[in-house]
Amino acid sequence: VNEAKAPGTSREPPVPDPPPPILGRWANLYALVIVVLLAIIALLSWLTRRFS
Amino acid sequence: VSTPDWIVLCGTLAAFVAYGNWRGRGNRDLTGYLLAGRSLRWPMVALSVMATQASAITFLSTPGQGYADGLRFVQFYFGLPLAMVVLCAIAIPAYHRARVFTAYEYLERRFDAKTRTLASALFLLQRGLAAGVTIYAPALVLSVLLGWDVRWTCVLLGALVAIAITSGGSRAVGHAHVLQFAIIMGTMVVAFVMIVRALPPGVGWLDATAIAGRLGRLNAVNTAFDPNDRYNLWSGLIGGFFLQFSYFGTDQSQVGRYLGGQSIAHSRLGLLFNGLFKLPMQFFILFVGVMVFAFYQFAPSPLFFDPVESHRMAAGPQGDRWRDLEQRHARATEVRRGTATAFVEARRSGDAAELAAAERSLAEGQREVEKVRVAALAAIHDTDPAAQTSDTNYVFLAFVLHHLPTGLIGLVLAAMFAASMNSSSAEMHALTSTTVVDVYKRLHGGGTAWHEVVVSRFATVLWCAFAVGFAEFAARLGSLIEAVNILGSLFYGTMLGMFLTAFLLKRVRGTAVFWAAIVAEAAVIACFKLTKISFLWYNVVGCVVVMGVAMVLSAVFERRRIAIAPA
């Protein structure tokens with residue numbers, strides 16, 4: 001019964017998602033964050049090998 | 001600490017409180033007091049989120065960790081950007097559209113009252129105890145180094161936090177976070193420059209980096225999988241993801257920060273900024289510690305960085321043994337200085353054979369110093385088996401007090417107080433929100449807008465008093481930070497499982513997730529008691545068990561409901 005008033009469920013009318021200020025879609029921004037994470041890990045791996 | 005340092009310290013602290021109060025004036029209802037009227041733009045959400053998790057002990061302990069253990073701790077944050085992405089995709093829209101004050105309020109709307117009560121009780125228990133340690137841990141370090149009474153240092157911190165929140169509410173916390181965070185990071189950058197400038201003439205930061213690397217302090221990434229190893233690539237990515245997801249998704253001290261965002265987009269951008277910049281920030285703070293380590297290759301370092309413990313040893317029954325160790329340590333550091341200088345000269349010469357020989361001497365010099373350190377720790381343990389033999393929290397401030405110029409010392413101390421206020425104010429504010437929204441309003445039914453704000457202020461003062469009172473008790477707990485980290489991991493996984501079930505498993509209902517949470521908590525406690533796996537993995541266990549058991553129970557309850565339903 002509680003689920004009938006649950007927010008964010010499929011029974012609610014979808015609320016429009018405002019786009020991010022860059023890259024057009026949120027999925028693109030999320031992909032950018034993951035690419036930056038991979039770049040940081042690669043850089044730190046290089047640092048570890050270079051100086052150890 | 002000189003008079004100019006005191007002036008800088010007191011002036012900066014007064015400015016923090018005054019600025020927060022000025023920006024937070026005019027709270028007339030609960031939305032204003034608890035959620036800053038949902039008016040914060042994304043830069044403020046981002047900095048407030050980052051400031052909340054950056055306690056004073058982070059800035060005291062992280063450089064010390066870099067000094068003692070190198071960069072490997074940075075792997076702990078590899079899961080953070082991933083957690084931010086998933087939170088932005090599923091949690092933020094759900095919370096914003098529900099227009100809730102607390103994360104636990106969402107659980108009642110999605111499931112039922114008992115599930116909300118269970119989650120808010122787990123939060124109040126875990127965060128209420130942690131709040132005492134958040135005040136006590138930095139107060140202990142500051143009081144030891146400044147010669148203050150730890151009890152009054154706790155009271156001072158608690159009072160500053162209470163004044164800052166009660167008069168300005170969430171908006172004051174958010175604005176003060178921005179100012180405090182800017183001062184903290186600015187101070188860390190200045191400290192880094194001063195460390196590099198304090199290196200001997202002719203020794204640059206690249207030489208210092210090379211020395212730290214040869215002595216194993218640039219070990220940033222370890223790709224070997226070992227569940228018992230606390231920090232490696234996999235525990236960081238997987239265990240770290242679950243821990244960060246739990247913390248940011250279910251802990252009201254963080255949820256309250258981004259619920260104050262003026263829209264879904266502002267909350268999302270704030271969290272993504274946090275995901276992108278937290279990792280480089282932690283790397284930089286660890287690197288400051290690595291530079292302190294490199295600095296001490298050329299300068300005499302204390303045998304033990306905790307001055308109170310050192311003094312106690314020198315004046316105690318093992319005083320002769322301690323003084324002998326200090327002399328051995330002084331000789332070993334003098335030899336180490338020679339080997340470090342020879343290493344830098346060998347780097348300059350470009351002769352491979354000379355460089356290889358210098359590297360061996362460098363490592364040998366460091367080994368000799370570490371041998372004396374091990375003997376010193378054994379002496380401390382022999383004198384008092386319950387004594388704290390880790391001095392990493394004292395490394396950075398000891399360096400600051402002995403090697404930074406007047407004025408800057410006051411600024412660093414102000415930054416440490418600011419960091420303590422950052423995390424404490426967010427904690428107190430979250431405890432207030434949960435107490436008022438999830439407990440008081442449910443039992444009492446609320447009242448006028450002004451009445452609710454007054455109750456919230458009263459709750460804030462009570463939680464500050466509780467934290468200061470518990471800090472007294474925390475003094476007897478032993479290893480505080482470890483205790484709090486493990487305590488958090490004991491509950492976070494279960495709470496995350498409840499929220500993920502709410503977001504993702506639409507068919508599961510309240511009773512199923514409630515009992516699944518009980519089973520998961522038992523499983524996590526069994527892992528803690530019966531296994532040796534790293535605490536980061538408790539979050540994975542709790543979350544997976546909640547979701548798995550909830551799905552099974554949901555199917556069982558559904559089948560039973562159909563079976564007993566009239567034809």
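A few comments on the model shown:
- Calculated mean residue ellipticity, 222 nm, the protein assembly as shown: -25500 deg cm²/dmol, from DSSP H runs (n ≥ 4) at -39500 (n - 2.57) each, averaged per residue and rounded to 500.
- Assigned charges on the beta-carbon of Lys, Arg, Asp, Glu; the protein assembly as shown dipole about Cα centre (debye): 1880
- Per-selection Rg to Rh, the range B:337-464 - Cα, Kirkwood hydrodynamic radius: 1.31
- A:R50 versus B:I518: modelled label distance in nm, points set 7 Å from Cα along the beta carbon direction: 5.6
- Between B:L462 and B:D320, the simple label model (points 7 Å from Cα in the Cβ direction) yields a spacing of 5.9 nm.
- Candidate lysines - alpha carbon under 19 Å from B:K506, same-chain residues fewer than 8 apart omitted: A:K5, B:K114
- What the Cα convex hull of the range B:115-250 gives, in volume per residue, is 200 Å³.
- In plain terms, the residue of B:L408, B:L60 with the fewest other Cβ atoms within 10 Å comes first and the most crowded comes last, giving B:L408, B:L60.
- All-pairs alpha carbon distance profile, the range B:493-539, 5 Å steps from 0, percent: 5, 21, 28, 19, 14, 9, 4, 0
- With the charge dipole of the protein assembly as shown set up from +1 on Lys and Arg Cβ and -1 on Asp and Glu Cβ about the Cα centre, the Cα lying farthest toward the positive end among the listed residues B:V455, B:Y67, B:L140 is that of B:V455.
- Restricting the calculation to alpha carbons of chain B gives Rg and Dmax of 25.2, 93 angstrom.
- R0 of 45 Å, Cβ-Cβ distance B:V552-A:L23: FRET efficiency to nearest 0.05: 0.65
- Note on the range B:337-429: with charges restricted to the Cβ of Lys and Arg (+1) and Asp and Glu (-1), its dipole about the Cα centre is near 200 debye.
- Here the average projected area of the convex hull drawn through the C-alpha atoms of the protein assembly as shown stands at 30.1 nm².
- P(r) of the range B:77-118 over all Cα-Cα pairs, binned every 5 Å from zero, in whole percent: 5, 23, 22, 19, 16, 11, 4, 0
- Positive end of the dipole of chain B (Cβ unit charges, origin at the Cα centre): among B:Y296, B:M185, B:A520, the Cα lying farthest that way belongs to B:A520.
- Put in line by how crowded their Cβ is, counting other Cβ atoms within 10 Å and starting with the fewest, B:T115, B:T389, B:T187 read B:T389, B:T187, B:T115.
- Charging the Cβ of each Asp and Glu at -1 and of each Lys and Arg at +1, and nothing else, the dipole of the range B:194-260 about its Cα centre rounds to 220 debye.
- Angle in degrees between helix B:510-530 and the longest Cα principal axis of chain B, rounded to the nearest 10: 20
- Rounded to the nearest 10 degrees, the inclination of helix B:113-146 to the longest alpha-carbon principal axis of chain B is 20 degrees.
- When Rg and the Kirkwood radius Rh are both evaluated on Cα atoms of the range B:290-407, their ratio Rg/Rh stands at 1.04.
- Exposed-site-free run, longest, chain B (rule: chymotrypsin sites (Phe, Trp or Tyr not before Pro); DSSP loop; at most 14 other C-beta within 10 Å): B:226-567
- Dipole of the protein assembly as shown computed with +1 at Lys/Arg Cβ and -1 at Asp/Glu Cβ about the Cα centre; of B:A162, B:A172, B:L413, farthest Cα towards the positive end is B:A172.
- Cα long-axis angle, helix B:56-69 against chain B (0 to 90 degrees, to the nearest 10): 50
- For the range B:169-219, the alpha carbon positions stretch 50, 26, 10 Å along the principal axes, listed from largest to smallest.
- What the phi angles of the range B:546-554 give under the Karplus curve with 6.51, -1.76 and 1.60, with θ = phi - 60°, is a coupling list of 4, 5, x, 5, 4, 5, 5, 4, 4 Hz, glycine and proline written as x.
- Among B:V544, B:V374, B:V436, a tally of other beta-carbon atoms within 10 Å of each Cβ gives an order, fewest to most, of B:V374, B:V544, B:V436.
Values in this text are rule-based calculations from the coordinates and carry no lab data. Note that the structure is predicted; figures quoted are calculated from it, not measured. Cβ coordinates were reconstructed from backbone atoms using ideal geometry, including for glycine residues, and neighbour counts include every protein chain displayed.
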